[in-house]
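The values are calculated or read from the model by the stated rules, or taken from the named source; none is laboratory data. Just so it is clear, the model here is predicted, and its values are computed rather than measured. When we count neighbours, we look across all protein chains shown, and the Cβ atoms used for this are built from the backbone with ideal geometry, even at glycine. Remember, those area values only see protein heavy atoms, side chains included, never the ligands or the DNA or RNA. Shrake-Rupley method; radii C 1.70, N 1.55, O 1.52, S 1.80 Å.
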Amino acid sequence: MKRLAILGSTGSIGTQTLEVVRANEGDFEVLSLTANNNVELLLEQAKEFRPELVCIFDKKLAKENEHRFRGISKVVSGIEGLIECAVIDNADMVVGAVVGMIGVRPIIEAVNAGKDIALANKETLVTAGHIIMPLAKKKNVRILPVDSEHSAIFQSLNGENRKQIDKLILTASGGPFRGMNKEELKKVTLEDALKHPNWSMGKKITIDSATMVNKGLEIMEASWLFDVDIDDIQVVIQPQSVIHSMVEFIDGAVIAQLGTPDMRLPIQYALYYPDRVWLNGERLNFYELGHIDFTKPDYNTFEGLSLAIQAAKIGGSMPTVYNAANEYAVAKFIAGQIGFTDITAIIRNMMENHNVVSDPDVDTIIEIEQEIYKQIG
């Protein structure tokens with residue numbers, strides 16, 4: 001039996017992780033669960049899975065609702081509570097599914113504690129990959145990707161010599177605005193941006209997909225996960241979301257992982273790795289599919305992608321600036337305070353006005369995040 005700590009259990013990845021746990025009764029024990037402020041769902045999850053510990057990140061909400069968890073789970077709160085859930089005794093694996101940079105410290109502490117990581121939080125490696133990957137190697141901890149694209153690369157590399165990689169090919173659906181120009185993007189609404197053609201995801205990641213910032217974050221994460229230069233990572237638009245990503249080797253061979261767009265597959269693969277178990281769901285039907293299309297990304301219209309490549313090549317603290325500016329800008333867009341194209345304009349402005357720190361520690365990363373938030377206002 002594998003014992004799990006699930007950070008971000010009420011979000012899209014967290015709830016689907018619990019679906020996998022539920023479907024494989026007896027294979028897993030859930031030791032801790034965390035939520036930001038969705039107390040009702042967290043309480044339902046706690047009643048079902050009986051974890052030792054739950055974290056309600058909002059301290060006021062935690063205090064107001066602690067009595068509701070009495071006899072079920074101990075309640076903790078804030079970043080300290082999130083870390084406590086991440087390093088809980090006897091957990092074999094931590095599922096990192098919190099949204100945003102708040103996941104950095106808990107993941108670092110979990111690695112320090114020797115826990116394997118099923119990682120869905122892109123921001124962790126984007127901002128602190130230079131800290132986490134060497135630490136994971138030192139602690140002999142496995143970082144197992146949950147993102148569909150990174151899981152596809154991970155699966156394609158199974159049994160292969162990583163020194164023989166020529167390039168990684170990240171596929172992207174193109175989101176709901178594929179084919180539009182900059183003038184058309186100025187008119188799109190929040191409702192439009194949340195209509196992803198293929199995937200069912202949380203609001204933040206769905207907006208990131210619409211701006212293609214999500215693919216930019218994935219480029220940076222892939223570089224750290226697979227120790228590949230940014231210039232050796234290619235993005236290709238594949239609208240059907242059937243090929244989840246590919247690896248090209250030095251002899252010209254390309255290995256890809258295909259499947260229906262179902263996040264339970266990469267989640268389950270990370271939880272059971274290196275084994276595969278039955279997953280109930282739709283199968284890919286090549287007769288119905290008929291064809292798979294590929295196009296080149298529009299780096300001019302979807303500037304979030306080109307800015308990500310720029311941030312990655314500069315390195316140091318610049319990826320933190322890119323990520324923090326995006327997080328705050330997306331929150332403002334969701335709140336109706338800015339337009340869709342303002343998101344990448346804010347990212348560009350913050351990057352242009354940042355003095356790079358070459359090798360930021362965790363405290364510096366968090367400080368830069370807060371500085372960016374203040375500057376955006």
Failed condition for Val95, given (1) under 19 Å from the mean Cα position of the chain (by Cα); (2) assigned to a helix (DSSP H, G or I): (2)
Residues being open to solvent by 20 Å² or more (accessible area, probe 1.4 Å) and touching a Phe, Trp or Tyr at 6+ places or on another chain (Cβ under 9 Å) - total across the stretch 240-256: 1
Test result for Ile205, closer than 24 Å to Gly315 by Cα, outside any loop (DSSP other than H, G, I, E, B), open to solvent by 10 Å² or more (accessible area, probe 1.4 Å) and out of contact with any Cys (no Cβ under 7 Å at 6 or more places or on another chain): yes
Those residues of the stretch 337-346 which are surrounded by fewer than 17 Cβ atoms within 10 Å (Cβ to Cβ) and in contact (Cβ under 8 Å) with a residue 40 or more places away in the chain, in sequence order: Gly339
Test: residue in the stretch 305-320 that is among the polar types (S, T, N, Q) and closer than 30 Å to Leu258 by Cα: yes
Scope the stretch 178-202; condition crowded, with 17+ Cβ neighbours inside 10 Å, within 30 Å of Val254 (Cα to Cα) and in contact with a helix residue (DSSP H, G or I) (Cβ under 8 Å, 6 or more places away or on another chain); matching residues: His196, Met201
In the stretch 347-358, the residues that are open to solvent by 30 Å² or more (accessible area, probe 1.4 Å) and of a type outside the set (S, T, N, Q): Arg348, Glu352, His354, Val356, Val357
Number of positions in the stretch 11-33 that are in a strand (DSSP E or B) and either of a type in the set (Lys, Arg) or open to solvent by 30 Å² or more (accessible area, probe 1.4 Å) (or both): 1
